[in-house]
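Working notes, beginning with the structure itself.
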Amino acid sequence: MSATVDDLAPATTYHYRLVATNAAGTAQGADGILTTAPAVVPVVATGAATGFSATSATLNGSVNPNGRPATWYFEYGTSTGYGTKTPSQNAGSGTSASAVSAPVTGLKAGRMYHFRLVASSDAGTSKGGDSSAGVRMGRDRQGIYYVEDVVRGQWSSAERNAIMLQTAKLDGTEVAVWCEQEPGASGKESAELTVKLLAGFAIYTESVSGSKEVRAEPFAAQAEAGNVRLVRGPWNGAYIEELCSFPNGKNDDQVDGSSGAFNKLQGVWGTGVAPQAYVHDRPGAADPRGLFGLSRPYAVERGLFGLGR
C-alpha cells in the first residue's frame, strides 16, 4: 500500500511510520526517514522583442516555475544596468514553461534597449541572459582587416563568464582582450571581476564615450572600401545581417564588438596601452575555412578581442 503526502517543505527531513488498526488493537510500523529534494529556482528564457513602434515594444519570454509559486517581470534600459522594470506578475506554480509578455512604452526613438526576464519563487531568483558577443579581428601588413571569429549568445552572467574564459583559452595569450566598462559603480565592479576572471591573459577594460553609431563609423568606412574580410564560418550570416540592419536592427552586440576591436587595432581608444598588434601577412593562409570579402557597411564585435554586452 502507499499514500501521497503534499505540501512538504523542500530540502527537509521527515520521519514516518505505518499504523494499522482493527478490532484487536493497533500496530505501529518501524520508523522511516525521507528527505525532500531541494526547491528548484524558476527557469526563464528571454525571447525577442516584437510590436515595435518609435516609442514602444512588447517584451517576450518564457517562465517555468518548477512547481513553486512564482512571479516574473522584465528589466529594461539603454545599458545592461537596465534601471526600469515592468510590473510583477503571477507565473503560477506549474512544471512546464509558459510564454509571458509585457508591453513597454515611453521609449526614446532611435535608441537601442537591453532587456531580460526575471522570475522569483521561494527557491530563489533566475535572470534571463542578455545578448553578448565577442569578435576576434586582425590586420595584415597591406591594411586588410580580417574578422576571424565571432562568439555570440544569450547567457546568464555565469554562463557568459564561462564562455569568455573558454574563448580566451582557445585564442591564446597572444590575443589581447578588451572589454567595455559600463557606466556607474556596477559597471566598474563588473569590469574588475572580468579582469580577475581572465587573469593570465592580456585583459584590459575601458570606458567609451559617444554613440555606438559614431564609434562604428571608422570600421564601416573600411568595410565600404572593401578592406574587410571574413573567415568563412557558421557565424557569417547572422553577423552580416546584424551589420547591415544597424542601427535600426534588434541587436547591436556584434556591431559594437567589431567597432571596438577595429578601433583598438588603430589605437583609437585612448588608454595609452599600445594594441598587441595582431599583424600578420595572411591570417587565413593556413586556415582551410577560406575567406571572403565584406563590402557592406558595418560588421562584427570582438576584435583583437572586443567584447560588447
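The values are calculated or read from the model by the stated rules, or taken from the named source; none is laboratory data. This structure is a prediction, so every number in the text was calculated from the model and none was measured. All Cβ positions, glycine included, derive from the backbone under ideal geometry; neighbour counts span all protein chains shown.
Figures for the structure shown
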{"quantity": "Those residues of segment 19-59 which are over 36 Å from the mean Cα position of the chain (by Cα), without any contact (Cβ under 8 Å) to a residue 12 or more places away in the chain and surrounded by 10 or more Cβ atoms within 10 Å (Cβ to Cβ), in sequence order", "calculated": "ALA20, ALA27, GLN28"}
{"quantity": "Residue in segment 125-156 that is surrounded by the fewest Cβ atoms within 10 Å (Cβ to Cβ), counting only those that are of a type in the set (Gly, Ala, Ser) and at pLDDT below 80", "calculated": "GLY153"}
{"quantity": "Residue check for TYR14: of a type in the set (Phe, Trp, Tyr), at pLDDT 85 or above and more than 24 Å from TRP155 (Cα to Cα)", "calculated": "yes"}
{"quantity": "Neighbours by Cβ (under 6 Å, 6+ apart or cross-chain): first from segment 152-177, among the polar types (S, T, N, Q); second buried (at least 16 other Cβ atoms within 10 Å of the Cβ) and at pLDDT below 80", "calculated": "GLN154/GLY129; GLN154/SER131; SER156/GLY129"}
{"quantity": "Candidates ALA216, ALA238, ALA221, ALA225, filtered to the one that is of a type outside the set (Ser, Thr, Tyr) and within 19 Å of the chain's Cα centre (by Cα)", "calculated": "ALA238"}
{"quantity": "Filter result for the condition that a residue is more than 15 Å from LYS250 (Cα to Cα) and either in the same structural domain as GLY249 (by TED's automatic domain parsing) or within 17 Å of the chain's Cα centre (by Cα) (or both), over PHE115, PHE74", "calculated": "PHE74"}
{"quantity": "Residue selected from segment 140-162 under the condition touching a Gly at 6+ places or on another chain (Cβ under 6 Å) and aromatic (Phe, Trp, Tyr), by the criterion farthest from GLU224 (Cα to Cα)", "calculated": "TRP155"}
{"quantity": "Matching entry among ALA176, ALA119 (being surrounded by 15 or more Cβ atoms within 10 Å (Cβ to Cβ) and at pLDDT below 90)", "calculated": "ALA176"}
{"quantity": "Top-ranked residue in segment 178-205 [being touching a strand residue (DSSP E or B) at 6+ places or on another chain (Cβ under 7 Å) and assigned to a helix (DSSP H, G or I); ranked as nearest to ARG160 (Cα to Cα)]", "calculated": "THR194"}
